[in-house]
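The values are calculated or read from the model by the stated rules, or taken from the named source; none is laboratory data. Quick caveat, the model's predicted, so the values are computed rather than measured. Glycine gets a Cβ as well: all are built from the backbone with ideal geometry, and neighbour counts include every protein chain shown. These area figures cover heavy atoms from the full protein model, side chains too; ligands, DNA and RNA do not enter into them. Shrake-Rupley method; radii C 1.70, N 1.55, O 1.52, S 1.80 Å.
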Amino acid sequence: MSVVLDLSAFALVLVATVVLAVMGVRMSRTTSDFFVASRSARPVWNASAISGEYLSAGTFLGLAGLVLLVGSDGFWFPIGYAAGYLLLLLFVAAPLRRSGAYTIPDFVEARLESRTVRRVTSLLVLVIGWLYIVPQLHGASLTLGVVADLPPWVGAVVVAVVVSGIVAAGGMRAITVVQAMHYWVKLSALAIPAVLMLIVLSGREPSSDPMVAFPAELGPVAADPYSTASLMIALLLGTIGLPHVLVRFYTSPDGASARRTTVLVVAMIGLFYAVSGTLGLIARVAAPDLALPGVADTVVLALPARLLPEPLGTIVTAIVVAGAFAAFLATSSGLVVSLAGVISQDLFDGSVRSFRLSAVLCVVAPLIVALLTGPEALVSSVGTVFLVAATSLTPVILLGVWWRGLTARGALAGMLVGALTVGASLIASIALDPQARAAASWIVQPAAWAIPLVVVVIVLVSRWDRRRIPGRAEWYLTRLHLPERSGDVG
C-alpha cells in the first residue's frame, strides 16, 4: 500500500468531480435546472446517475465486509436493495414523473392540499437524508484512516465541503453528470480487483478443509425466518421512501422514460452487487482474520495487497480507493440536492440563490453527527435508513398514488405513527443486551408489523375523515396514471 499513490487516486477523483461539475454549472441557469435538471435526463445517462448515487459507502465497503462476517446471509441486503427498484418500476416511477412536482413534499401537498402534511413530510425527508449522509462521511473517514492514517475528521470534512460546493454551484444538472461518471468509476474499481484476484486464486489448490475458508465462528449466521422476512420488507419498501431516489424520477422527460430508466438501474446495480458480493466471498478465503466488527468494512482495501504481487497490488489498491471516494461523493451529492430542494422551498423562497444556501446548510447537521460518532457497520446503518423510510413515507406515497380515499389527516396520522414506532423500536433494541436482542427479533426488525400498522392507521383515519378527501383528488390521480400526450413533458 502506497500512501502517495492512494492519495493521488483520491485527488484524481476529486479533480474529475470538480471538472465535470463545472461543466454542469455552465448548463445550469434556471430553477428547473437546479431542482430537476429541466426534466431532460435521458434513460442511459439518468440510470447511470441513479446507480451512482444509490450505490453508497454501505455497498462499496460494507457489502463485502458483511459477506465476510456472516456469509450467505449478507446477500439479503443487495437482494432487497435491487428488488426495491422493481416496486418502483411497477408502482411509482411513471406516476411521480407525471405529477409535475420538484420534491416529495411538493407531491404530497399537491395530492392532499395540506401545508401541515407538507411540513411533516419535509421534516421526515430531512431526517432520512441526514441519517443516510452520516454513513457516507463515516466511510470517507474510514478509508483515509486506513490508506493514509489521517485523523477521522479529514475524510468527512473533505467530502462535506466538495459535495456542498458542487451542489450549490450547479444543482441537479451538474451532479447528474458527476454521478453518472461515479457509477462507472465504482464498478471498475471493484471489477478490476475482483477479476485479477479470481485469476490468482484459480491457480491455487482448493483447501481440503472447508473450515479453513468458512470458519464456524464467522457464520453464516442462521437468522430466524421472521428477521429475514422483516428485513426484506424494509429494504423493498424503503427504496420507495428514499428522497434522493424519488427526486430522480422528476428529471425524466416523461413517464415512459422513467420506466426505461428504472429497468436500466436494476441491471446496473445488480451487476455491481454481484461484483461486490464476489469480493466478500474472496475475503472469506483470503482474509478471514479481518472478520471483526469495525474491521470487516476495510476488507476491499486490504485484499489487493494480500493477493496480488507488487507493484500490481499497490496500483489496484489505489484504484479501489478512487472508487470508494466516488461512492461517498455520489451518494452524498444526491442526498444533498434532494434535501436542498426541500429546504429551499419550505424555509426560503425556492429561488436559485436559496437553493445554493440550502445546499450548504443541509450538510452541517450530518457532518456534526459524523464528527461526534464513530463508524458502525456501514450496511447495517444504511439498513436503518431504509426502515425509517419504509414505515414513515412509503405508505403515504403508495396510497397517495393509488388510493383516492387518502386524506391529509390519514397521511399525517400514518407518518407520525410510523416514525414514533420505529424510533421506539430502535431505542429499545439499543437498550437490550445482545442475548435479549437475539430473542426479541420483533423489536430489532419491526418492519413486518410496523408497516401494516401504519397502513391500517392511514386507512382508518382517512375513512373516518372521508368528507375531507381533496376535491381535486380525482383529477390529480387521472394526471398521475394517464400517459402523457405527444410532446407533453411538463
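Would you tally the residues in region 387-397 being under 19 Å from the mean Cα position of the chain (by Cα) and under 14 Å from VAL456 (Cα atoms)?
So in region 387-397, the residues under 19 Å from the mean Cα position of the chain (by Cα) come out as 387-395, 397.
Within this subset, residues satisfying the condition of being under 14 Å from VAL456 (Cα atoms) are 391-392, 394-395.
Of the residues in region 387-397, 4 are under 19 Å from the mean Cα position of the chain (by Cα) and under 14 Å from VAL456 (Cα atoms).
When you look at GLY418, is it out of contact with any Lys or Arg (no Cβ under 9 Å at 6 or more places or on another chain), without any contact (Cβ under 8 Å) to a residue 40 or more places away in the chain, crowded, with 24+ Cβ neighbours inside 10 Å and not polar (S, T, N, Q), yes or no? Spelling it out, GLY418 is indeed out of contact with any Lys or Arg (no Cβ under 9 Å at 6 or more places or on another chain), without any contact (Cβ under 8 Å) to a residue 40 or more places away in the chain, crowded, with 24+ Cβ neighbours inside 10 Å and not polar (S, T, N, Q).
THR278 meets the conditions (1) in a helix (DSSP H, G or I); (2) of a type in the set (S, T, N, Q); (3) at pLDDT below 90 in every case but one. The failed one is (3).
Pull up region 63-77, narrow it to residues that are open to solvent by less than 10 Å² (accessible area, probe 1.4 Å) and not β-branched (Val, Ile, Thr), then point me to the one that is nearest to LEU347 (Cα to Cα).
Filtering region 63-77 for residues open to solvent by less than 10 Å² (accessible area, probe 1.4 Å) gives 63-65, 67-68, 71, 74.
When the remaining residues are screened for being not β-branched (Val, Ile, Thr), the result is 63-65, 68, 71, 74.
Values: LEU63: 37, ALA64: 40, GLY65: 40, LEU68: 45, GLY71: 46, GLY74: 41 Å.
That would be LEU63.
Filtered by the rule that a residue be among the aliphatic types (A, V, I, L, M) and closer than 15 Å to LEU66 by Cβ, region 276-300 gives LEU279, LEU281, ILE282, ALA283, ALA287, LEU290, ALA291, LEU292, VAL295, ALA296, VAL299, VAL300.
Selection of region 82-94 for residues being surrounded by 21 or more Cβ atoms within 10 Å (Cβ to Cβ) and touching a Leu at 6+ places or on another chain (Cβ under 6 Å) yields only GLY84.
Is one or more of the residues making up region 249-270 in contact with a Leu (Cβ under 7 Å, 6 or more places away or on another chain), open to solvent by less than 10 Å² (accessible area, probe 1.4 Å), basic (Lys, Arg) and modelled with pLDDT under 90? Within region 249-270, none of the residues are in contact with a Leu (Cβ under 7 Å, 6 or more places away or on another chain), open to solvent by less than 10 Å² (accessible area, probe 1.4 Å), basic (Lys, Arg) and modelled with pLDDT under 90. Could you give me the residue pairs with C-beta distances under 6 Å whose first residue belongs to region 162-183 and is within 22 Å of THR261 (Cα to Cα) and touching a residue at least 40 places away in the same chain (Cβ under 8 Å), whose second residue is open to solvent by 20 Å² or more (accessible area, probe 1.4 Å) and assigned to a helix (DSSP H, G or I) wherever it lies, and which are 6+ apart or on separate chains? Close Cβ pairs (under 6 Å, with a partner that is open to solvent by 20 Å² or more (accessible area, probe 1.4 Å) and assigned to a helix (DSSP H, G or I)) amount to ARG173/MET27; ALA174/VAL25; VAL177/LEU20; VAL178/LEU20; ALA180/TRP45; MET181/LEU20. Criterion applied to LEU126, LEU63, LEU137 was being under 30 Å from ILE458 (Cα atoms), modelled with pLDDT of 85 or more and assigned to a helix (DSSP H, G or I), and the one residue passing it is LEU126. Taking region 139-175 as the range and being over 24 Å from SER351 (Cβ atoms), open to solvent by 10 Å² or more (accessible area, probe 1.4 Å) and in contact with a Phe, Trp or Tyr (Cβ under 9 Å, 6 or more places away or on another chain) as the test, the residues that pass are SER141, ALA148, VAL158. Pairing residues of region 461-490 that are in a helix (DSSP H, G or I) with residues that are at pLDDT 90 or above and among the polar types (S, T, N, Q), at Cβ distances under 8 Å and at least 6 apart in sequence or on separate chains, gives VAL461/THR407; SER462/THR407; ARG466/THR407; ARG468/THR407. Just one of the listed residues (ALA340, ALA330, ALA370) is of a type in the set (Gly, Ala, Ser), touching a Cys at 6+ places or on another chain (Cβ under 7 Å) and more than 30 Å from VAL456 (Cα to Cα), and it is ALA340. Tell me, which residue of region 369-384 that is at pLDDT 75 or above and part of a helix (DSSP H, G or I) is nearest to the chain's Cα centre (by Cα)? If we take residues in region 369-384 being at pLDDT 75 or above and part of a helix (DSSP H, G or I), then GLY383 is nearest to the chain's Cα centre (by Cα). The single condition among (1) out of contact with any Ser or Thr (no Cβ under 9 Å at 6 or more places or on another chain); (2) open to solvent by 30 Å² or more (accessible area, probe 1.4 Å); (3) of a type in the set (Gly, Ala, Ser) that ALA110 does not meet is (1). Count of region 347-368 residues, restricted to those that are over 23 Å from the mean Cα position of the chain (by Cα) and either closer than 19 Å to THR121 by Cα or open to solvent by 20 Å² or more (accessible area, probe 1.4 Å) (or both), is 8. Listed by first and then second residue, the pairs with beta-carbon distance under 6 Å, at least 6 apart or on different chains, first residue in region 367-396 and of a type in the set (Gly, Ala, Ser), second modelled with pLDDT of 75 or more and outside any helix (DSSP H, G or I), are ALA389/LEU242.
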